[in-house]
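This report refers to the structure that appears directly beneath it.
The values are calculated or read from the model by the stated rules, or taken from the named source; none is laboratory data. Given the structure is predicted, the values throughout are model-derived calculations rather than measurements. FYI the Cβ positions are ideal-geometry reconstructions off the backbone, even for glycines, and counts take in every protein chain you see.
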Amino acid sequence: MNSEVVTANSVVCYHCGNDCNGEVVHLHDKPFCCSGCKMVFQILDDNELNTYYSLEDQPGISFKTSGSASKFDYLNDPQVRDRLVDFKNDTFVSVSFYIPNIHCTSCIWLLENLFKLDSGIIKSSVNFLKRELSISYEEDKTSLRSIVKLLASIGYEPELRLEKLDAQAPSHTNRKLWLKLGVAGFAFGNIMLFSFPEYLSGSSLNTQGSFYLFFGILNIILAIPVLLYSSSDYLKSAWAAVRQGNINLDVPISIGILSLFTRSVYEITAGIGAGYMDSLTGLVFFLLIGRLVQQKTYERLSFDRDYKSYLPISVTSLDENDEEHSKSIDQLKEGTRIVIRNNELVPADSVLLSEHTFVDYSFITGESEPVEVQEGETVYAGGKLVGAATEMRTVKEVSNSYLTKLWNDSAFDESSEKLTVSSLADRISPHFTLGVLAIAINAGILWWTVSTEMALTVFTAVLIIACPCALALSTPFTLGSALNIFARNGFFIKGIDVIERLANTTAIVFDKTGTLTKADHADVSFQGEALSDYERGLIQSVCKQSVHPLSRKIADHVNSSSPRKVENYEEKVNKGISATVDGKQLLIGSTDFISAYCENEPMQRSTSKGDFSVVHIAIDGHWKGWFEVANHYRTGIKKLLDSFRNRFSTFLLSGDNDAQKNQFTDYFNEPSLRFNQTPQQKLNFIKELQENNQRVVMIGDGLNDAGALKQSDFGIALTDNVSSFTPACDAIIDGSKLQRMDTFINFSQVSITIIKLSFGLSLIYNIVGLGFAVSGQLSPLVAAILMPLSSISIMIFTTCSTHYAAKKMGLQIWK
Amino acid sequence: MEVIFILIGCSLLVALLFLGLFFWSVRNGQYDDPHTPAIRILFDNKKSDTENNTTNPPKNTND
């Protein structure tokens, strides 16, 4: 195997596959982009785990983005540990972790060979779809903390969150469904076999009474578990609906099931016919397949997260002797001194004890620039610290903090769940049921004149044949396929019942920071005299000192590898920076700031018009030129906004100030641009729209949108990494796929049309069947053919037409 | 023709056996994760000694 993958004169890291960007570390002739990657390779190499690299190319996880691994002390706390583990006895502990970094075959292989790295581990197994690793280990040989440390050291840091501490044991509802399906399938197959002689009406077996009765009784015995166990969900749901005076789709289904069973038992015991047990079990079997499709969810994605999953699980606290301890944050009391380091989150509202610091609230408020906080001022929970480690004292407990108050709004109250718009199938089922009952009774009365027995026969036949099996299948199969297609295109929807809400949308509300623009990304270009590499180094050294977002963007852009010592650094708020580097004086800042210093120099103003900020540069009093720093829109976003503007009412809600208002006036009407919005105001705005009969789709990314996402009819959380944190929502969209949002909405509308078409198709089947039933000719054979035929053809029709429609719209339909 | 009674009885017993096996496999968790075992079966590593000593029954059965 070629150990050094070289693509267009750049070296690719053997471990993580990232571009090494010049700083190559070598070991055994293999290139690595950083010492972290090299270290993992070394660990694996020493333990003969090299297969990791042969299963997939460069499978590793880059260490450049992950934090330090020296923070797991709280896992030694028995209380925390006991809440994390799944099962524990004297010697054995089993625990499962959610590890977002699991992404390929090599990951599974390595994680299942963990016992080679830690002899205390007995067994580790991966659930790839859930991104979950279950480990059982011996407590006297290793500890939870050392296992988590080991995982972090090889790049698979588990996500340990507060909500996990309170997690319920996973339920096995899916297993129950499989069992019910198994029972129904078993009975269906066997009854079909026993009924076979009946299908061949010329068979001599028909005339031999003892077989007739024998098969009939076997059929009854086989059908009883199907009625009592497999179909119990339908019967219960129908009964609950009837008791509340409603009619849902389960009511006609249950009527059908019950009349099939009673009529069959009557026919068999009275020796009149063979009964319809094959149709009954087949019906339940197909219905359960539909339900299985309906239950498909994306287990690795979490759609119901709240603030608890955003906050870290522990924090470093200080005791009276200034000694550092790790503390799980739900044990954090008021008045505890804590230490927060760069890029860590503040877990509870606190007062700053250090001199000053910067806090980035972008995830909470949407404000894109970090806020400066002085000693004695309050830092709100959820803010991310930017700068050196800082000491603070908590003033509130985690659950009473500013951030968590939003969750007290009624939108988050589970008991007052927003009125779910009933599905299409549920809306037509009352009409359908009443219609069927009317036909059955009329037909019965008409036949009454012939004979009472015939009247009953026809009455039950109508109820049987009109059982809306196909109707019940069309929704799960159409939307189930749609859900899969959406997922293949980077749009993950919570479940099939919410797709209809997406199709019915009339208004779309966007968040700004992080949704339309990328906060940590900018298009930077330099205008003026070309800068030498040396000068770029000077500029970068200075810009790196500042936490102003523009400085940071410029520092990222100039990208020079020769950092220098900065002296006389001075930053003037809203103006610029002056500093001395390598004996040269640098001025970086606004037009006015620079022009005040370089009076003799003719300064060129930026001539091009557009959506960007301008930062001028002067070195030793000579004006050099300016950087244009533009907001980085997500690709295709302008086109998307244009097309949405014609179809829906579009709105922009931003927690940021209105400095960038002009950039958006081309895409939104003036009154629909709202800035300086608090999370609560965003929520209220959505409510207002809904009161004006708008059906609102909200697209946002941060916790500041959490309320609006929850309140909206269809909340879409946008993320660049699908496994990372997203607030509670109805769907999660991959950031790069936002540009296709209009196609997604179109497709959801087409899916609803397909459902309507398949309703029509199933009605045709019903009418044909009713023809047989009303004329008193419904034989078990006709029922046994017609009912599976209608179910299967609906499954095929919906699946094929959904995929065909997706293909025509340019959506990816295969992996 | 009376032999049919016995044959049907036998066939039902066999079918019930399979239904029982299906129940066992579902309860054992084999339907919980349909994806990972398909990948895992491709690893041709030697079985280690430690794995045989497992007292905590493994959830997956095909390695």
Those residues of segment A:122-132 which are at the interface with chain B (Cβ under 10 Å from one of its Cβ atoms) and either surrounded by fewer than 21 Cβ atoms within 10 Å (Cβ to Cβ) or farther than 17 Å from A:LEU49 by Cβ (or both), in sequence order: A:ILE122, A:ASN127, A:PHE128, A:LEU129, A:LYS130, A:GLU132
Qualifying positions in segment B:1-59 - part of a helix (DSSP H, G or I), modelled with pLDDT under 75 and among the polar types (S, T, N, Q): B:THR50, B:ASN52
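A quick yes/no check of all residues on (1) at pLDDT below 85; (2) of a type in the set (A, V, I, L, M, F, W, C); (3) buried (at least 17 other Cβ atoms within 10 Å of the Cβ):
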position	(1), (2), (3)
A:PHE412	yes, yes, no
A:ASP426	yes, no, yes
A:THR449	no, no, no
A:PHE459	no, yes, yes
A:ILE464	no, yes, yes
A:LEU471	yes, yes, yes
A:PHE477	no, yes, yes
A:ARG488	no, no, no
Criterion violated by A:LYS661 - all others in (1) farther than 17 Å from A:THR515 by Cα; (2) of a type in the set (D, E, K, R); (3) surrounded by fewer than 17 Cβ atoms within 10 Å (Cβ to Cβ) satisfied: (1)
Within segment A:86-101, considering residues that are more than 10 Å from every other protein chain (Cβ to nearest Cβ) and touching a strand residue (DSSP E or B) at 6+ places or on another chain (Cβ under 7 Å), the one surrounded by the most Cβ atoms within 10 Å (Cβ to Cβ): A:PHE97
Subset of segment A:86-96 (residues that are closer than 14 Å to A:ILE121 by Cα and among the hydrophobic types (A, V, I, L, M, F, W, C)): A:PHE92, A:VAL93, A:VAL95
Long-range neighbours under 7 Å by Cβ, at least six apart or interchain, first residue in a helix (DSSP H, G or I) within segment A:550-575, second modelled with pLDDT under 70: A:LYS553/A:ALA522
Condition check for A:PHE593: at pLDDT 75 or above and not in a strand (DSSP E or B): yes
Among the residues listed as A:LYS130, A:LYS141, A:LYS123, A:LYS116, the single one being in contact with a strand residue (DSSP E or B) (Cβ under 6 Å, 6 or more places away or on another chain) and among the basic types (Lys, Arg): A:LYS123
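To keep it simple, each residue is scored yes or no on (1) of a type outside the set (S, T, N, Q); (2) within 28 Å of A:ASN504 (Cβ to Cβ); (3) at pLDDT 75 or above.
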residue: A:GLU599; (1), (2), (3): yes, no, no
residue: A:ASP611; (1), (2), (3): yes, no, no
residue: A:TRP623; (1), (2), (3): yes, no, yes
residue: A:ASP642; (1), (2), (3): yes, yes, yes
residue: A:LEU652; (1), (2), (3): yes, yes, yes
residue: A:PRO671; (1), (2), (3): yes, yes, yes
residue: A:PHE675; (1), (2), (3): yes, no, yes
residue: A:MET698; (1), (2), (3): yes, yes, yes
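Can you name the residue in segment A:125-158 that is among the hydroxyl-bearing types (Ser, Thr, Tyr) and over 26 Å from the mean Cα position of the chain (by Cα) and is also nearest to A:ASP86 (Cα to Cα) among such residues?
Filtering segment A:125-158 down to residues among the hydroxyl-bearing types (Ser, Thr, Tyr) leaves A:125, A:134, A:136-137, A:142-143, A:146, A:153, A:156.
Narrowing further to those that are over 26 Å from the mean Cα position of the chain (by Cα): A:136-137, A:142-143, A:146, A:153.
On the way: A:SER136: 10, A:TYR137: 12, A:THR142: 17, A:SER143: 15, A:SER146: 17, A:SER153: 23 Å.
The residue in question is A:SER136.
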Residue count, segment A:328-348 (criterion: farther than 22 Å from A:ASP360 by Cβ and polar (S, T, N, Q)): 3
Segment B:2-18 residues that are touching a residue at least 60 places away in the same chain (Cβ under 8 Å) and more than 9 Å from chain A (Cβ to nearest Cβ), paired with ones that are of a type outside the set (Asp, Glu) and surrounded by 13 or more Cβ atoms within 10 Å (Cβ to Cβ) (beta carbon under 8 Å, 6 or more apart): none
